[in-house]
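Everything on this sheet refers to the single structure shown next.
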Amino acid sequence: MSLVFFILIVLACFILGLVVLIQNPKGGGLSGSIGGFSNQLMGVKQTTDVLEKGTWIFSAVIGVLCIISTAFLKGGPTTKIDPKSLPSVSTPAAVPSNPAASPTTAPDVPSKK
């Protein structure tokens, strides 16, 4: 299922890239030079409106697909560890059971005069 979402997201990204490359805010982009057909049929103003709406629609589609696809992603293996199967941890023999009973001395540090 995640492969389907991946293909849809890549396809929507490709179409969004084409729509963005077609438009030019100064009016000199490819939107006005598609054989003059779009200027005769819809007019220049409506062509830029359609391309702007297409940009918003495809960007929203990509966002929604990315959010929805996370529900279908499989996580790593969820294995439960049985505490009885773990080795028991005991205190080493060198560590005293009562640290207050064995005083520690600080090393001698020569004083600077």
Per the filter on segment 70-104, residues of a type in the set (A, V, I, L, M), part of a loop (DSSP other than H, G, I, E, B) and at pLDDT below 75 are I81, L86, V89, A93, A94, V95
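Regarding I67, is this residue at pLDDT 70 or above, on the phi < 0 side of the Ramachandran plot and surrounded by 10 or more Cβ atoms within 10 Å (Cβ to Cβ)? Quick ask: steps written out before the conclusion?
Working: at pLDDT 70 or above: yes; on the phi < 0 side of the Ramachandran plot: yes; surrounded by 10 or more Cβ atoms within 10 Å (Cβ to Cβ): no.
No; evaluated as a whole, the condition is false for this residue.
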Residue pairs meeting the criteria (Cβ under 6 Å; at least 6 apart or on separate chains; first surrounded by 10 or more Cβ atoms within 10 Å (Cβ to Cβ), in segment 70-94; second at pLDDT 70 or above and of a type outside the set (S, T, N, Q))
F72/M1
Given (1) at pLDDT below 65; (2) loosely packed, with under 13 Cβ neighbours inside 10 Å, number of the condition N39 does not satisfy
(2)
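The values are calculated or read from the model by the stated rules, or taken from the named source; none is laboratory data. Please read these numbers as outputs of a predicted model, since none were measured by experiment. Counting neighbours? That spans all protein chains shown, and the Cβs are built from the backbone with ideal geometry, glycine included.
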